[in-house]
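Right, one structure below, let's go through it.
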Amino acid sequence: MRDENPTLTCPVPERDEGAPPRQPMVMLAFRFLLELIAFGSIGLAGWKLGDGGITGGIVAVIAVIAAAAAWGTLTVPDDPSRNPNAVVAVPGWLRLAVELAVFGLAAWSLWVFVSRAASETFMTAVGIMMLVGWDRLWWMLRYR
């Protein structure tokens, strides 16, 4: 018979029921990459819609600033993938709507101005990110 030492076991830390889920660093890095692609795609749409040149550059900058402002300021308090101190605290469903709007606008931009394949690849990556991070989405919708 083996004598088990309780100090050698590694218990799983208990998480408070209302606490936000932790996000692994690789998930945060992947999410950041998708955000950069999204803002770049929105800038591309502004450039193309403004017919390039100075006008296109101005429209691109305004589009990216507007999307980034909504993305950065409308946050859920204690969200593990964002700054825990929300600038403008919003409910989880509204934050999810902002994320879907930005990613959707980026997918539209890729579809129209780059290629269907690029858009579908981007949408697939966003879908995988949301499926893997389902616990964050559930927390935002349930507790906020």
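A few remarks follow.
- Residue in segment 110-118 that is at pLDDT 95 or above and in contact with a Ser or Thr (Cβ under 7 Å, 6 or more places away or on another chain) present: yes
- Of all residues in segment 33-47, none are surrounded by 16 or more Cβ atoms within 10 Å (Cβ to Cβ), among the β-branched types (Val, Ile, Thr) and either at pLDDT below 95 or touching a His at 6+ places or on another chain (Cβ under 9 Å) (or both).
- Scanning segment 23-36 for residues that are of a type outside the set (S, T, N, Q) and under 14 Å from MET129 (Cα atoms) turns up PRO24, MET25, VAL26, MET27, LEU28, ALA29, PHE30, ARG31, PHE32, LEU33, LEU34, GLU35.
- Being at pLDDT 85 or above, in contact with a helix residue (DSSP H, G or I) (Cβ under 7 Å, 6 or more places away or on another chain) and β-branched (Val, Ile, Thr) is a property that holds for VAL88.
- The one condition in (1) within 12 Å of SER41 (Cβ to Cβ); (2) out of contact with any Leu (no Cβ under 6 Å at 6 or more places or on another chain) that LEU131 fails to fulfil: (1)
- One residue from ASP51, ASP79 being at positive phi and of a type in the set (Asp, Glu): ASP51
- Restricting segment 81-134 to residues that are surrounded by 15 or more Cβ atoms within 10 Å (Cβ to Cβ) and of a type in the set (S, T, N, Q), the residue that is nearest to PHE39 (Cα to Cα): SER109
The values are calculated or read from the model by the stated rules, or taken from the named source; none is laboratory data. The structure presented is a predicted model; accordingly, all values stated were derived computationally and were not measured. No Cβ is skipped: glycine too gets one built from the backbone with ideal geometry, and neighbour counts run over all protein chains shown.
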